[in-house]
Amino acid sequence: MNLYGYVGGDPVNYFDPTGKVREWAEGVNFWWTDRTYNGQTAKEACYASFGADGCRLQRDKNRNLYAWTEDIGRGRMRVTDPTEREIVEKGGDAAVLAAEAAAGRPGASLLLKSFGGYKIVASAARKIKRLAKKFKMSPRKIIEYTLKGRKYSDRKTGNFNFFRSRPDGKSGYLRITVSPDGKRIISAGVVRARGVESGIRRGRFTLQ
Amino acid sequence: MMSNLKKYIDLIERVSKGDILPREFEIDFYHPYMDDKNADRYDENYQDFFDLICEKLDTTSTKIDIESREYGWITYEEFLDWLIEQYTIFQKYRNKQ
């Protein structure tokens, strides 16, 4: 039995904020659309997997039916495309992780816990994951890339910001913000060039 | 150029009225504005305001754990309250000009 199955067997680099379930960037869990799959409706498939007590059904604003469960023991997941749906139906959480590893992106569905000596605050890890998707890089690469940028102290917040030009060549910077004690990555985002320049000009940002 | 500026203001008004969810607002506002080649040409007051919104969104999340909260993270509901307040201040400032 793998005690750390909920973090892909890697408790050092990934974490589960609730202590029980895997975290996906966008929230809810396990769903199928109204379309039948292997002859089952969303409701039938969910009930077959998790039982009536463990399964919930709801519709989104586009009237798609979602079947999902909060606690499926092995983990918590949202299935976003037919490939992933198939993986989950065949083997659940472990199969997703195995498929990610086979695809060269092990643990892609999990959140980074630390990097380069920095602990990563859970909400920041979610944000970094979104940035990774936007810039088609892994979360690790996003952090590694941005931390090679220039470091500025932020007079407004007391934090430190690493700014590095956007990897897609567009105007602006990627930003990683580190706590005042220098131990935690606490947020990340994109900043317009003007935002950084005016921050420097107005004395908010000071080069370290 | 101006159509994008109008679009951003429209998004702020729509989320303020509850026509769209804050998360939908973030999707339609954050990266489109960050990627907007013409943003530097907008009135500086608008740029400051939009930059401020994006900075706030950088510490906004669906679920906030205790540690994140310690570092200033807020929920989308709290973001919406903040945005409505800031937009009211911004409009008063604009009207005085």
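The values are calculated or read from the model by the stated rules, or taken from the named source; none is laboratory data. Fair warning: this is a prediction, and the values are worked out from it, not measured in the lab. Backbone-built Cβ (ideal geometry, glycine too); neighbour counts: all protein chains shown.
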**OP:** Taking only region A:113-169 into account, find how many residues are in a helix (DSSP H, G or I) and β-branched (Val, Ile, Thr).
**Re:** 4
**OP:** Go through (1) at pLDDT 85 or above; (2) within 14 Å of another protein chain (Cβ to nearest Cβ); (3) surrounded by fewer than 22 Cβ atoms within 10 Å (Cβ to Cβ) one by one and return the number of the condition A:Ser114 breaks.
**Re:** (1)
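Collect the residues in region A:160-178 that are among the hydroxyl-bearing types (Ser, Thr, Tyr), crowded, with 20+ Cβ neighbours inside 10 Å and more than 17 Å from B:Tyr30 (Cβ to Cβ), keeping them in residue-number order. Working first, answer last.
The initial filter retains those residues of region A:160-178 that are among the hydroxyl-bearing types (Ser, Thr, Tyr), namely A:165, A:171, A:173, A:177.
Next, only the ones that are crowded, with 20+ Cβ neighbours inside 10 Å stay: A:173, A:177.
Selection gives nothing.
Among the candidates B:Tyr46, B:Tyr30, single out the residue that is surrounded by fewer than 19 Cβ atoms within 10 Å (Cβ to Cβ) and in contact with a Leu (Cβ under 7 Å, 6 or more places away or on another chain).
On the way: B:Tyr30 fails: surrounded by fewer than 19 Cβ atoms within 10 Å (Cβ to Cβ).
Result of the check over B:Tyr46, B:Tyr30: B:Tyr46.
Results for (1) farther than 25 Å from A:Lys156 by Cα; (2) of a type outside the set (Gly, Ala, Ser); (3) within 14 Å of another protein chain (Cβ to nearest Cβ), shown as yes or no for each residue.
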| residue | (1), (2), (3) |
| --- | --- |
| B:Lys7 | yes, yes, no |
| B:Asp19 | yes, yes, yes |
| B:Arg23 | yes, yes, yes |
| B:Phe29 | no, yes, yes |
| B:Met34 | no, yes, yes |
| B:Phe49 | no, yes, yes |
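Of everything in region B:51-97, what is polar (S, T, N, Q), surrounded by fewer than 19 Cβ atoms within 10 Å (Cβ to Cβ) and under 12 Å from the mean Cα position of the chain (by Cα)? Give them in sequence order. Walk me through it before giving the result.
First, the residues of region B:51-97 that are polar (S, T, N, Q): B:59-62, B:68, B:75, B:86, B:88, B:91, B:95, B:97.
Narrowing the set further to residues that are surrounded by fewer than 19 Cβ atoms within 10 Å (Cβ to Cβ) leaves B:62, B:75, B:86, B:88, B:91, B:95, B:97.
B:Gln86, the sole residue that qualifies.
Mind checking which residues of region B:55-70 are more than 7 Å from every other protein chain (Cβ to nearest Cβ) and at pLDDT 90 or above? Explain how you work it out, then say what you get.
Initial filter on region B:55-70 (more than 7 Å from every other protein chain (Cβ to nearest Cβ)): B:55-57, B:60, B:63, B:66, B:69-70.
Passing the criteria: B:Glu55, B:Lys56, B:Leu57, B:Thr60, B:Arg69, B:Glu70.
Conditions (1) more than 24 Å from A:Val196 (Cα to Cα); (2) in contact with a Cys (Cβ under 8 Å, 6 or more places away or on another chain); (3) not basic (Lys, Arg), marked per residue:
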position: B:Gly18; (1), (2), (3): yes, no, yes
position: B:Asp28; (1), (2), (3): no, no, yes
position: B:Met34; (1), (2), (3): no, yes, yes
position: B:Lys63; (1), (2), (3): yes, no, no
position: B:Glu67; (1), (2), (3): yes, no, yes
position: B:Thr75; (1), (2), (3): yes, no, yes
position: B:Leu83; (1), (2), (3): no, no, yes
position: B:Phe90; (1), (2), (3): no, no, yes
Original post:
Restricted to region A:170-185, and to residues that are assigned to a strand (DSSP E or B) and of a type in the set (D, E, K, R), which residue is nearest to A:Gly149 (Cα to Cα)?
Top reply: A:Arg175
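Select the helices (runs of 4 or more DSSP H) contained entirely in chain B, then report the ones holding at least 2 residues which are among the β-branched types (Val, Ile, Thr) and free of Cβ contacts under 8 Å to residues at least 12 places away in the same chain. Let's see the steps before the verdict.
Numbers: elements: B:2-17, B:22-34, B:44-57, B:66-70, B:76-96.
Answer list for chain B: B:76-96.
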Subject >> Filter result for the condition that a residue is of a type outside the set (D, E, K, R) and within 10 Å of chain B (Cβ to nearest Cβ), over A:Gly149, A:Gly182, A:Gly189, A:Gly169 >> reply: A:Gly189
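Confirm whether A:Gly189 is small (Gly, Ala, Ser), within 23 Å of B:Thr60 (Cβ to Cβ) and part of a helix (DSSP H, G or I).
Values: small (Gly, Ala, Ser): yes; within 23 Å of B:Thr60 (Cβ to Cβ): yes; part of a helix (DSSP H, G or I): no.
No: the conditions fail for A:Gly189.
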Original post:
Tally time: how many residues in region A:152-166 are touching a strand residue (DSSP E or B) at 6+ places or on another chain (Cβ under 7 Å) and at the interface with chain B (Cβ under 10 Å from one of its Cβ atoms)?
Top reply: 2
